[in-house]
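Below is one structure, written out as structure tokens; the observations come after it.
All of the numbers you see were taken from the coordinates with simple rules; none came from a lab. Just so it is clear, the structure is predicted and the values come from calculations on it, not from any experiment. Methodologically, a virtual Cβ is constructed for each residue, glycine included, from the backbone with ideal geometry; neighbour enumeration extends over all protein chains shown.
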Amino acid sequence: MTLLAGSADQAETLRKMARDVKKTPQTAVAGKNSQVNDNGIRVISITSGKGGVGKSNVVSNLAIMLANLGKRVLVIDADLGLGNMDVLLGLSPQFNLNHVLNGEKNIAEILIEGPKGIKIIPAGSGIQEFTSLGQHEKMKLIEEMDALDDQFDVLLVDTEAGISENVTYFTAAAQEIIVVVTPEPTSITDVYALIKLMSTRYSERYFRVLVNMAKDSEDALEVFRKLANVAGRFLDISLDYLGCVVKDEKIVEAVKRQRAVSDLFPDSEAATCFMTLAKRITESRRQPKLKGNIQFFFQRILEYEKRG
């Protein structure tokens, strides 16, 4: 289900940006990616307008189900001040992304392994230093992430909630954007605000909508219709309905036990929803405006900073 709208062709701009990336073999690949390339890493930002919608839970379970489908999955916890992906999965990383940004460690040294072999870049918690990344930190990420480009099929970016600068940077730089919304009116309002900001400031035109905590599929479709109706009246964008995750007490139990429901209760209704979503992501074509590989992903972050 799609809300149709126009989309400006930015291929030439992307090709120029790709040429500006430092000259490495991976950069050469990025420069060729102005067309859809199903062989490169797929960078997907998963974001929301507000907290409390289960976004990080969605990310962890999608990662596990994508791994079950044979994908090599990397998750980056991009909530640099209040990261919680490791807590959700009962992991205890010794180091996190803050140690990379301040030069103490490299990316390979902080990677931790989660369920089904997924790899996670953990964020710090309760540390304010990197809650708003500067150009030096972004350059550091470009250098570090470049080394991981050919090791994974999918990079899932778990942004923090809201519309902070870090959220918009990570979201605009990704190839694909999935917004997580719940049936609560405040969630719908806040997701619309995020989509509006990404559309007007960063010229994003394509979003996929995942409805979490839905009563059933009809409830989820109604949430999507409400969001699509208001977006259709005021924004020149395309919204695709990705699907839903229904309310399931097994999710609550899994969170309490610091496990992903897809791992702890693989036959639960919620786990079935996540597998359906993972299959849709795997089987769907990428959006036409492909933006490049991991290094190119972070290069775009710098481009947006230069625009001010």
| said: Sorting check: for 83-96, 267-280, which peptide has the highest mean count of neighbouring beta carbons within 10 Å, and how do the rest follow? | reply: 267-280, 83-96
| Say the cut-off is 24 Å between C-alpha atoms; which of Lys55/Lys215; Lys71/Lys247; Lys140/Lys256; Lys196/Lys226; Lys119/Lys226; Lys50/Lys140 go over it? | Lys71/Lys247; Lys140/Lys256; Lys119/Lys226; Lys50/Lys140
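Report the gain in length on full extension from Leu111 to Gln151: 0.36 nm times residue separation, minus Cα-Cα distance, nm rounded to one decimal.
Numbers: separation 40, 0.36 × 40 = 14.40 nm, distance 1.25 nm.
Here the segment from Leu111 to Gln151 would lengthen by 13.2 nm.
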| In nm, spacing of pseudo-spin labels at Arg280 and Lys250 (7 Å Cα→C-beta vector) | 1.9
| query | Quick one: net charge of Ala63's neighbours, Cβ under 10 Å, K/R +1, D/E -1? | reply | +2
| query | Each label point is 7 Å from the Cα along the Cα-to-Cβ direction; what then is the distance between the points at Val87 and Ala193, in nm? | reply | 2.3
| query | Cα to Cα, under 14 Å, and not fewer than 8 places away if on the same chain: which aspartates and glutamates meet these conditions relative to Lys105? | reply | Glu137, Glu143, Glu144
| task | Determine, from the Cβ-Cβ distance of Asn102 and Arg201 and an R0 of 25 Å, the FRET efficiency 1/(1 + (r/R0)^6), rounded to the nearest 0.05. | result | 0.30
| Label-point separation, Val230 to Thr186 (7 Å along Cα→Cβ), nm | 1.4
| From phi via Karplus (6.51, -1.76, 1.60), per-residue ³J(HN,Hα) for region 114-124 in Hz, x at Gly/Pro | x, x, 6, x, 5, 9, 10, 9, x, 9, x
